[in-house]
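A.B. asks: Here's a structure for you.
The values are calculated or read from the model by the stated rules, or taken from the named source; none is laboratory data. Here the structure is a predicted model, which is why all the values come from computation and not from measurement. Cβ: placed from backbone, ideal geometry, glycine included. Neighbour counts: every protein chain shown. Only protein heavy atoms, including side chains, enter the accessible area calculation; ligands, DNA and RNA are left aside. Shrake-Rupley method; radii C 1.70, N 1.55, O 1.52, S 1.80 Å.
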Amino acid sequence: MAGPGHYENPGRTTAARMIQQFQARCTEKLIVASPAPEPGSSPTAPTLKVSVTDQQERLRLDYRWLKELARAVLAEEGVAAAQVNVVLLSDAAIQDVHRRFLNQDTPTDVITFPLSSPGAKKLQAEILISTDTAAAAATDHGGHAPEQEVALYLVHGLLHLCGYDDHEPDDRAAMRQREAAHLAQFGIRLDSDF
């Protein structure tokens, strides 16, 4: 099982195909919480749109709070326009995606699918998060709330979409600092070494 330090990015073409197949398989259980229009926004103004698709039963999560967190991270990282769907899954569901599209037959914490080209005016992406993995990791990493671990995975995936990498020690340290700063703005301080 990969931790947040392990970036999962299957690529745009594979991601688009995977998302179409995944959404087709899950249509009967689909619950989408769409963002409300921003007060005072015009149809042509760049916006940060975040939706949550909940395909799991493990945790009851506040969709509005997750969307606020995602929009805050994107804004602080300088993203002017985005459409991001956060998909909450069980370990079994994320393992299926992990196996089918990344050839790894294990559950994982977060998989990020960028759908827009690098440098596009609008960032489009899907971030898949396992709430089962989040619940287990929260216990293993000091007993914080599983919702905080989900928040960490969300921030981690968003930072990858914003160009951060964590393969080299210096890059990993910079990414961890950004994760901690974003989480702290929402009152989350995790004392674990992710």
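A.B. asks: Can you find a residue in the stretch 161-171 that is part of a helix (DSSP H, G or I), among the charged types (D, E, K, R) and either closer than 21 Å to E68 by Cα or free of Cβ contacts under 8 Å to residues at least 40 places away in the same chain (or both)?
C.D. replies: Checking the stretch 161-171: at least one residue is part of a helix (DSSP H, G or I), among the charged types (D, E, K, R) and either closer than 21 Å to E68 by Cα or free of Cβ contacts under 8 Å to residues at least 40 places away in the same chain (or both).
A.B. asks: Something else about it: What number of residues within the stretch 148-165 are surrounded by 22 or more Cβ atoms within 10 Å (Cβ to Cβ), touching a helix residue (DSSP H, G or I) at 6+ places or on another chain (Cβ under 7 Å) and not hydrophobic (A, V, I, L, M, F, W, C)?
C.D. replies: 3
A.B. asks: Hey, can you tell me all the residues within the stretch 116-136 that are surrounded by fewer than 24 Cβ atoms within 10 Å (Cβ to Cβ) and more than 17 Å from A70 (Cα to Cα)?
C.D. replies: S116, S117, P118, G119, A120, K121, D132, A135, A136
A.B. asks: Conditions first: (1) outside any helix (DSSP H, G or I); (2) open to solvent by less than 20 Å² (accessible area, probe 1.4 Å). P107 passes all but one, so which condition is the exception?
C.D. replies: Just one mismatch for P107, condition (2).
A.B. asks: Do we find a residue being part of a helix (DSSP H, G or I), among the hydrophobic types (A, V, I, L, M, F, W, C) and within 14 Å of the chain's Cα centre (by Cα) anywhere in the stretch 176-191?
C.D. replies: Yes, the stretch 176-191 contains a residue that is part of a helix (DSSP H, G or I), among the hydrophobic types (A, V, I, L, M, F, W, C) and within 14 Å of the chain's Cα centre (by Cα).
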